[in-house]
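Undergrad: To start, I am sharing the structure in question, which I have written as structure tokens.
Here, each number is a calculation from the coordinates, and none is a lab measurement. All figures in this text were calculated on a predicted structure; none of them were measured in a lab. Backbone-built Cβ (ideal geometry, glycine too); neighbour counts: all protein chains shown.
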Amino acid sequence: MQLDERKLKILQAIIRNYLETGEPVGSRTISKYTDLNLSSATIRNEMADLEELGFIIQPHTSAGRIPSDKGYRLYVDTMLEDKVQEVENMKELILQKADKIDLLLKQVAKLLAVNTNYATLVTKPQYRSKKVKFIQLTEVDCTQLLAVIVIEGNIVKNKIIDIQDSLDKEIILKLNIVFNTFLQGLDLAEINMSIIQKIKEQAGNYAGLVSNILDAIAEAISEEEEVEIYTSGATNILKYPELSDMGKVTELISTFEEKQQLSELVNSKLEDSGNGGIQVYIGSETPVEAMKDCSVVTATYELEEGVYGKIGIIGPKRMDYEKVVSTLHTLMVQLDDIFKKKT
């Protein structure tokens with residue numbers, strides 16, 4: 001059945017408070033916990049209705065209430081519905097924006113190549129911070145759980161977790177609620193021993209499984225996403241005699257086409273410092289072997305806080321550094337202006 005908004009908010013507050021403390025929850029606690037501005041007497045009446053409907057129960061002779069299985073079910077169904085919709089909405093918005101950004105960044109690579117007469121590269125935005133958005137545990141069979149972990153940027157990771165015994169649906173439901181309650185909005189560095197201990201306390205007899213699930217979540221957050229790189233102007237390299245040795249040219253152009261080695265370049269020194277975030281690699285300073293006879297100038301652009309990418313210009317060691325650095329500075333200002341208008 002559908003609860004009215006007030007009863008649903010009170011039920012959600014009871015469950016959240018119970019998950020946090022493990023203690024039965026009374027009306028006075030809820031009157032401070034919610035934004036309903038209701039008296040304890042009104043909340044008591046609503047709690048009585050919720051108990052009659054089977055959503056909460058009174059353990060022993062305690063004045064407080066705890067959620068029933070039916071209450072947990074409504075809570076998690078509502079939470080899942082909200083989260084699925086939220087993820088879908090954000091995914092659609094990001095995809096719409098990404099389409100435009102893809103076109104924009106490809107155009108940036110081409111314009112830079114034409115403007116400088118050097119080779120260029122631009123990466124798609126990456127997320128510096130990786131916070132947990134949502135976790136869903138599902139039993140695959142009696143020996144395995146599937147953990148679906150959605151992290152910031154709507155990146156979805158699937159992890160298989162081995163289990164010793166089959167888990168019933170109510171246990172999996174409770175674990176889903178506990179993990180989402182304590183980990184939502186946190187990145188790996190923020191998941192401390194205090195939080196882990198609270199999760200284990202809530203998991204009760206299944207505290208041993210918590211470590212395996214946390215390991216899977218940590219692995220998902222830590223995994224590096226493959227960087228998508230757009231390149232342009234690789235054949236401009238042929239214009240410079242010192243780089244026109246056929247063996248070196250073939251290797252260099254192959255590097256631009258395959259792009260695997262380029263990820264070493266764009267992933268290095270992400271925390272740029274000095275000179276407005278512009279880095280200059282000369283000859284052997286570059287991490288890419290095929291570019292040891294070149295100079296590489298990179299700059300980091302920021303789409304929004306924590307969402308960044310790299311732009312690079314590759315040419316001979318005698319490149320016009322002043323022009324390249326000036327061009328990148330100007331481009332950073334223009335991109336910043338464009339991205340702010342898009343948000």
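Undergrad: With respect to the cross-link table entries Lys133/Lys198; Lys131/Lys157; Lys106/Lys131, which display a Cα-Cα separation exceeding 24 Å?
TA: Listed pairs above 24 Å: Lys106/Lys131.
Undergrad: Name the long-range amide H neighbours of Lys310: under 5 Å, sequence gap of 5 or more, or other chain; modelled H, no Pro or chain starts.
TA: Answer set, sorted by chain and number: Thr123, Tyr301.
Undergrad: Same structure, new question: Enter the angle in degrees (range 0 to 90, nearest 10) between the Cα long axis of helix 246-258 and the first principal axis of the Cα atoms of the chain, meaning the one along which they spread out most.
TA: Taking the Cα atoms of the chain, the angle to 246-258 is about 20 degrees.
Undergrad: With the cut-off at 21 Å, tell me which of the pairs Lys110/Lys310; Lys292/Lys317; Lys259/Lys292; Lys130/Lys174 have Cα atoms farther apart than that.
TA: Lys130/Lys174
Undergrad: Further, regarding this structure: For the stretch 5-67, just list the percent of Cα-Cα distances falling in each 10 Å bin from zero outward, please.
TA: In order of increasing distance, the bins hold 25, 63, 12 percent.
Undergrad: Highest first, please rank the peptides 212-218, 176-182 by the mean number of other Cβ atoms sitting within 10 Å of their residues.
TA: 176-182, 212-218
Undergrad: The list (1) 30, 56, 13, 2, 0; (2) 25, 39, 25, 9, 0; (3) 33, 60, 7, 0 gives values of P(r) over Cα pairs in 20 Å bins from 0, in percent, and only one came from this structure; which label was calculated from it?
TA: (2)
Undergrad: Return the long-range amide H neighbours of Gly26 (sequence gap of 5 or more, or a different chain), with a cut-off of under 5 Å between placed amide H atoms.
TA: Here the answer is Arg65, since their amide H atoms fall under 5 Å of that of Gly26.
Undergrad: List, in order, the whole-Hz ³J(HN,Hα) value for each residue of the stretch 192-203 obtained from phi through the Karplus relation with A = 6.51, B = -1.76, C = 1.60 and θ = phi - 60°; use x for Gly and Pro.
TA: Computed from phi, the couplings for the stretch 192-203 are 9, 5, 4, 5, 4, 5, 5, 4, 5, 4, 5, 6 Hz.
Undergrad: Would you grab the residues whose amide H sits under 5 Å from the one on Lys131? Only those 5+ places off in sequence or on another chain, please, with H modelled 1.01 Å from N.
TA: Glu152
Undergrad: Moving on. Expressed as an acute angle from 0 to 90° and rounded to the nearest 10, what is the orientation of the C-alpha long axis of helix 207-222 relative to the principal long axis of the chain?
TA: So the inclination is approximately 30 degrees.
Undergrad: Right, next: For Ser68 paired with Gln144, estimate the spin-label separation in nm (one decimal), with each label point 7 Å from Cα along the Cα-to-Cβ line.
TA: Each label point is offset 7 Å from its Cα along the Cβ direction, giving 3.7 nm.
Undergrad: Kindly provide the helix-only [θ] at 222 nm of the chain, computed as the sum of -39,500 (n - 2.57) over DSSP H runs of four or more divided by all residues, to the nearest 500 deg cm²/dmol?
TA: -16500 deg cm²/dmol
Undergrad: Determine, for each peptide in 319-331, 144-156, the mean count of other beta carbons within 10 angstrom over its residues, then list the peptides with the highest first.
TA: Highest mean packing first, the order is 144-156, 319-331.
Undergrad: Using the alpha-carbon atoms, what tilt in degrees (0 to 90, nearest 10) does helix 69-116 show relative to the longest principal axis of the chain?
TA: Tilt of helix 69-116: around 10 degrees.
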